[in-house]
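Beneath this line is the structure, given in structure tokens, with notes to follow.
The values are calculated or read from the model by the stated rules, or taken from the named source; none is laboratory data. This one's a predicted model, so the numbers in the text were calculated from it and none came from an experiment. Here the Cβ positions follow ideal geometry from the backbone for every residue, glycine too, while neighbour counts run over all protein chains shown. To get the accessible areas, we keep the full protein, side chains included, count just its heavy atoms, and leave off ligands, DNA and RNA. Shrake-Rupley method; radii C 1.70, N 1.55, O 1.52, S 1.80 Å.
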Amino acid sequence: MKRIAVLTSGGDSPGMNAAIRAVVRKANFHGVEVMGIYHGYEGFIEGRMELLDLGSVGGIIQRGGTKLFSSRCPKFKEEQYQLQGIEKMREAGVEGLVVIGGDGSYRGAMELTKKGFPSVGVPGTIDNDIPGTEYTIGFDTALNTVIESIDKIRDTATSHENSFVVEVMGRDAGDIALWAGLAAGAESILIPEEEFDIDDIVARIEHGIARGKKHSIIIVAEGVMAGNELAKILNEKANITTRVSVLGHIQRGGSPSARDRVLAGQFGAKAVEVLLEGRSGRAVGIKNHQLYDYDLEEAFSNKHKADLSLYTLSKELSI
Ligand code: ADP
Ligand code: F6P
């Protein structure tokens with residue numbers, strides 16, 4: 001291969017820029033040019049791209065968001081648009097693609113590979129919900145953002161002896177709620193992967209008050225229910241006034257943590273290696289501290305499993 005391309009797609013995540021940089025620098029190290037495609041698959045369809053030289057990715061390793069912009073592009077699910085994009089790439093001499101995104105973006109990459117356009121996936125999502133890899137780029141930064149917010153909420157909750165419901169992102173996956181809940185010492189955590197018992201949550205709040213706790217923090221992943229809805233139920237059942245904080249999109253922004261920058265470097269470089277070895281339809285991931293690549297299809301035909309031992313542990317530690 002003499003020329004490849006890179007795009008970012010779906011919900012952005014801190015560290016995507018560091019991954020773009022790694023793709024460009026690693027490919028250039030091997031004498032291969034990289035085109036940066038703008039606006040995810042939307043730009044792919046139209047061939048909206050430009051050459052990324054070494055200097056073009058300087059000064060972005062520390063920046064959140066994505067220099068290449070992102071998009072959700074429903075029409076890319078249609079074959080005619082996939083073929084149109086492949087045609088545009090071939091016209092520009094592009095022979096392979098690195099897709100940085102979540103499982104939806106991986107489906108697109110698989111379609112391209114099946115149609116003869118070699119593509120490799122790099123996991124970039126704050127949700128940490130891609131099967132086959134223990135971590136995705138952006139998860140660690142999002143967690144730190146959530147924890148910092150909860151620490152601040154805890155200060156005011158303690159001063160006023162309040163209960164707080166904190167709603168975090170995670171439409172289908174509870175990793176942010178689970179890990180942040182454990183790291184911030186939340187009293188209860190609600191995730192899409194586990195049934196919850198409202199009476200147990202109420203009992204925990206009441207038990208906490210009885211033993212002199214000055215506050216209680218309940219974390220709910222948005223996929224379970226809205227924070228406001230949960231607070232309403234708790235207020236009725238526990239006879240307390242629960243405040244609500246919806247953290248929203250601040251979780252997707254910010255300078256990537258050291259962990260996410262390193263991961264982005266490793267994943268971006270590995271994806272280039274895979275392509276240059278003539279392999280495609282692969283995803284890069286990390287398992288037991290080992291970087292590896294695996295079948296892209298595995299990443300979206302399986303369902304991500306939350307580490308439920310953390311859920312049990314959080315219950316034991318928050319009594
Ligand atoms: P994420 O990649 O973060 O999971 P989405 O699920 O929104 O985000 O997917 C991002 C984009 O990937 C979609 O807007 C679409 O362009 C593409 N995509 C998703 N599913 C498919 C599919 N089945 N076939 C082809 N492209 C897809
Ligand atoms: O990036 C993943 C995610 O943050 C989900 O947790 C959330 O449900 C979704 O994206 C929201 O994204 P948007 O506001 O772009 O639709």
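For region 164-213, which positions are modelled with pLDDT of 90 or more, more than 16 Å from ligand 1 (Cβ to nearest atom) and at positive phi?
Correct list: Gly185 only.
Can you name every residue in region 246-294 that is assigned by TED's automatic domain parsing to the domain that holds Ala221 and in a strand (DSSP E or B)?
Hit for region 246-294 is Val246, nothing else.
Tell me which residues, restricted to region 92-104, are more than 8 Å from ligand 1 (Cβ to nearest atom), touching a Ser or Thr at 6+ places or on another chain (Cβ under 9 Å) and of a type outside the set (A, V, I, L, M, F, W, C).
Matches in region 92-104: Gly96 only.
List every residue pair whose Cβ atoms sit under 7 Å apart, with the two residues 6 or more apart in sequence or on different chains, where the first one lies in region 297-308 and is under 7 Å from Pro131 (Cα atoms) and without any contact (Cβ under 8 Å) to a residue 40 or more places away in the chain and the second, anywhere, is in a helix (DSSP H, G or I) and open to solvent by 70 Å² or more (accessible area, probe 1.4 Å).
Sorted first by the residue in region 297-308, then by its partner, the list stays empty.
Only residues that are acidic (Asp, Glu) and either within 15 Å of ligand 2 (Cβ to nearest atom) or closer than 29 Å to Ile191 by Cα (or both): list them for region 98-139, please.
Scanning region 98-139 gives Asp103, Asp127, Asp129, Glu134.
Being small (Gly, Ala, Ser) and surrounded by 14 or more Cβ atoms within 10 Å (Cβ to Cβ) narrows it down to one residue among Ala306, Ala258; which is it?
From the options Ala306, Ala258, the qualifying one is Ala306.
Assess whether Asp103 counts as being within 17 Å of the chain's Cα centre (by Cα), open to solvent by 40 Å² or more (accessible area, probe 1.4 Å) and in the same structural domain as Ala22 (by TED's automatic domain parsing).
yes
Could you please let me know if Glu148 is within 16 Å of ligand 2 (Cβ to nearest atom), modelled with pLDDT of 95 or more, acidic (Asp, Glu) and outside the structural domain of Gly15 (by TED's automatic domain parsing)?
Details: within 16 Å of ligand 2 (Cβ to nearest atom): no; modelled with pLDDT of 95 or more: yes; acidic (Asp, Glu): yes; outside the structural domain of Gly15 (by TED's automatic domain parsing): yes.
Criteria not met by Glu148.
Open to solvent by less than 50 Å² (accessible area, probe 1.4 Å), touching a helix residue (DSSP H, G or I) at 6+ places or on another chain (Cβ under 9 Å) and among the basic types (Lys, Arg), is that true of Arg252?
Values: open to solvent by less than 50 Å² (accessible area, probe 1.4 Å): no; touching a helix residue (DSSP H, G or I) at 6+ places or on another chain (Cβ under 9 Å): yes; among the basic types (Lys, Arg): yes.
The answer is no for Arg252.
Here is a yes/no grid of residues against (1) within 16 Å of Glu46 (Cβ to Cβ); (2) near ligand 1 (Cβ under 9 Å from one of its atoms); (3) in contact with a strand residue (DSSP E or B) (Cβ under 9 Å, 6 or more places away or on another chain); (4) of a type in the set (Val, Ile, Thr):
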position: Cys73; (1), (2), (3), (4): yes, yes, no, no
position: Arg90; (1), (2), (3), (4): yes, no, no, no
position: Tyr106; (1), (2), (3), (4): no, yes, yes, no
position: Leu112; (1), (2), (3), (4): yes, yes, yes, no
position: Phe117; (1), (2), (3), (4): yes, no, yes, no
position: Val122; (1), (2), (3), (4): no, no, yes, yes
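For region 199-218, check the following and say yes or no: at least one residue is polar (S, T, N, Q), touching a strand residue (DSSP E or B) at 6+ places or on another chain (Cβ under 8 Å), open to solvent by less than 20 Å² (accessible area, probe 1.4 Å) and farther than 30 Å from Gln290 by Cβ.
Taking every residue of region 199-218 in turn, at least one turns out to be polar (S, T, N, Q), touching a strand residue (DSSP E or B) at 6+ places or on another chain (Cβ under 8 Å), open to solvent by less than 20 Å² (accessible area, probe 1.4 Å) and farther than 30 Å from Gln290 by Cβ.
Can you name every residue in region 43-87 that is open to solvent by 30 Å² or more (accessible area, probe 1.4 Å), closer than 18 Å to Pro14 by Cα and away from ligand 2 (no atom under 16 Å from the Cβ)?
Those that are open to solvent by 30 Å² or more (accessible area, probe 1.4 Å), closer than 18 Å to Pro14 by Cα and away from ligand 2 (no atom under 16 Å from the Cβ): Gly58, Gly59, Ile61, Gln62, Arg63, Lys67.
Could you run through region 1-39 and say how many residues are within 16 Å of ligand 1 (Cβ to nearest atom) and touching a helix residue (DSSP H, G or I) at 6+ places or on another chain (Cβ under 7 Å)?
Residues flagged as within 16 Å of ligand 1 (Cβ to nearest atom) and touching a helix residue (DSSP H, G or I) at 6+ places or on another chain (Cβ under 7 Å) within region 1-39 amount to 14.
If we keep just the residues of region 22-42 that are in contact with a Gly (Cβ under 7 Å, 6 or more places away or on another chain) and over 13 Å from Ala5 (Cβ atoms), which is surrounded by the most Cβ atoms within 10 Å (Cβ to Cβ)?
Within region 22-42, the match that is surrounded by the most Cβ atoms within 10 Å (Cβ to Cβ) is Ala22.
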